[in-house]
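Have a look at the structure below before the remarks.
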Amino acid sequence: MLSRRHAILTSGAFLALAACGKGGGGASTLRVGSQKGGTKALMLASGALDGAPYKIEWSDFPAAQNLLEAIGSDAVDVGLVGDGPFQFAYQSGSPARAVAAMKATSREPGALAVIVGKTSPARSIRDLAGKRIATTRGSIGHYLVLRALAEAGLKPDAVKLTFLSPSDSKAALQTGAIEGWSTWVPYTAAALAEGARIVVDGRQFSQGVAFDVASASAVAQKRAILADFLAREAKALAWSNDHGADYAKILSAETGLPLPVATATVRLNSRLRVPIDAPLIAQQQVILDTFRNAGEFVSPRPIKDAFAPV
């Protein structure tokens, strides 16, 4: 099956479907953002886009914040992000809405974590008090630090949060410029493979929920193809749980991640589609409250208005 997918990737027919275009692409093109190649690799590896009656224009982003900014400015139609960054963006005024949801099926440590270098003596969030922890502002990593501090009875300023891109955070951890890094796969998988250690495991504080988030114009003007794409993505997620090796090989090729890191990323980040229902929305309140209690928001928008299932 994988060899057939590789053939598709290099065929003119597939390139006509998935090649990047210019501008908005029109009503027959769906502009999809992909974090570190994840969504793109999933859809390509699974063949979920085979026969799609529209074009896909792919754009890659290093983190959810960059992707959400593109969606909010209508440069991208839809993209997958964690629940923390989505809530942060929405409460910051983003016009984007969550149109579909998925939830982690893996409960292994490492999908989301605060990590330290292999020579660090730190073993808990308390050991990092007064130290620098890097993450991306508004990210699920930012949320994790705030939740871990609150759970330990510490104030948000008990650590020195340093907001950096994932690439800069990795470099800072390697040079000792920071003591900890709060991040997610594939960055956790790569760092752990190089000897980093987990001091805060995200499983205690996160349900592993992610949202497909769409621009207002995509919801209004591309609803039919958006719904079709989301249905294909749900099938791709189910496929990936039984074909992790195939997915990992395409993810490695798309992102340049070493195959063992891509394999770990696929294993740690396995997910399935779940409905956007009242219980799921209620669970999101803890994220909103965590950011608000840390002083990130003053007057939150109604959380129920953040969702517009397609």
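The values are calculated or read from the model by the stated rules, or taken from the named source; none is laboratory data. Worth saying up front: this structure is predicted, and the values here are computed from it rather than measured. A quick note on method: Cβ atoms are made from the backbone with ideal geometry, for glycine too, and the neighbour counts reach across all protein chains shown.
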Per the list (1) in contact with a Ser or Thr (Cβ under 6 Å, 6 or more places away or on another chain); (2) touching a residue at least 60 places away in the same chain (Cβ under 8 Å); (3) under 20 Å from ALA190 (Cα atoms), residue check on LEU146 breaks on (3)
Yes or no: ALA196 closer than 20 Å to LEU259 by Cβ, out of contact with any Gly (no Cβ under 7 Å at 6 or more places or on another chain) and surrounded by 18 or more Cβ atoms within 10 Å (Cβ to Cβ)?
-> no
Does at least one position in the range 234-243 carry a residue that is among the polar types (S, T, N, Q), under 18 Å from the mean Cα position of the chain (by Cα), surrounded by fewer than 23 Cβ atoms within 10 Å (Cβ to Cβ) and over 21 Å from ASP127 (Cβ atoms)?
-> yes
Qualifying position, being farther than 22 Å from GLN283 by Cβ, free of Cβ contacts under 8 Å to residues at least 40 places away in the same chain and among the polar types (S, T, N, Q), among THR136, THR119 = THR119
Would you check which residues across the range 87-118 are of a type in the set (Ser, Thr, Tyr) and buried (at least 23 other Cβ atoms within 10 Å of the Cβ) and list them?
-> TYR90
Only unsatisfied item for ALA214, checking (1) surrounded by fewer than 16 Cβ atoms within 10 Å (Cβ to Cβ); (2) farther than 16 Å from ALA264 by Cβ, is (1)
Selection count, the range 135-187, where residues are of a type outside the set (A, V, I, L, M), in a helix (DSSP H, G or I) and surrounded by fewer than 19 Cβ atoms within 10 Å (Cβ to Cβ) | 7
Please find, within the range 284-308, the residue that is nearest to ALA248 (Cα to Cα) out of those that are part of a helix (DSSP H, G or I) and basic (Lys, Arg).
-> LYS304
Restricting the search to the range 259-304, which residues are touching a residue at least 60 places away in the same chain (Cβ under 8 Å), among the charged types (D, E, K, R) and either over 23 Å from HIS142 (Cβ atoms) or not assigned by TED's automatic domain parsing to the domain that holds TYR90 (or both)?
-> ARG267, ARG273
Going by the structure shown, is VAL81 part of a loop (DSSP other than H, G, I, E, B) and more than 20 Å from ALA191 (Cβ to Cβ)?
-> no
Expected single match for modelled with pLDDT of 95 or more, surrounded by fewer than 19 Cβ atoms within 10 Å (Cβ to Cβ) and in contact with a helix residue (DSSP H, G or I) (Cβ under 6 Å, 6 or more places away or on another chain) among ASP50, ASP74 is ASP74
In this structure, is ILE281 within 17 Å of the chain's Cα centre (by Cα), farther than 30 Å from GLY51 by Cα and in a helix (DSSP H, G or I)?
-> no
Of the numbered conditions (1) surrounded by fewer than 15 Cβ atoms within 10 Å (Cβ to Cβ); (2) more than 30 Å from LYS235 (Cα to Cα), GLU296 fails exactly one; give the number of that condition.
-> (1)
Just for the range 84-119: of the residues that are among the small types (Gly, Ala, Ser) and part of a loop (DSSP other than H, G, I, E, B), which one is farthest from GLN221 (Cα to Cα)?
-> GLY117
Which is of a type in the set (A, V, I, L, M, F, W, C), touching a helix residue (DSSP H, G or I) at 6+ places or on another chain (Cβ under 7 Å) and outside the structural domain of ALA191 (by TED's automatic domain parsing), of ALA129, ALA152, ALA98, ALA134?
-> ALA98
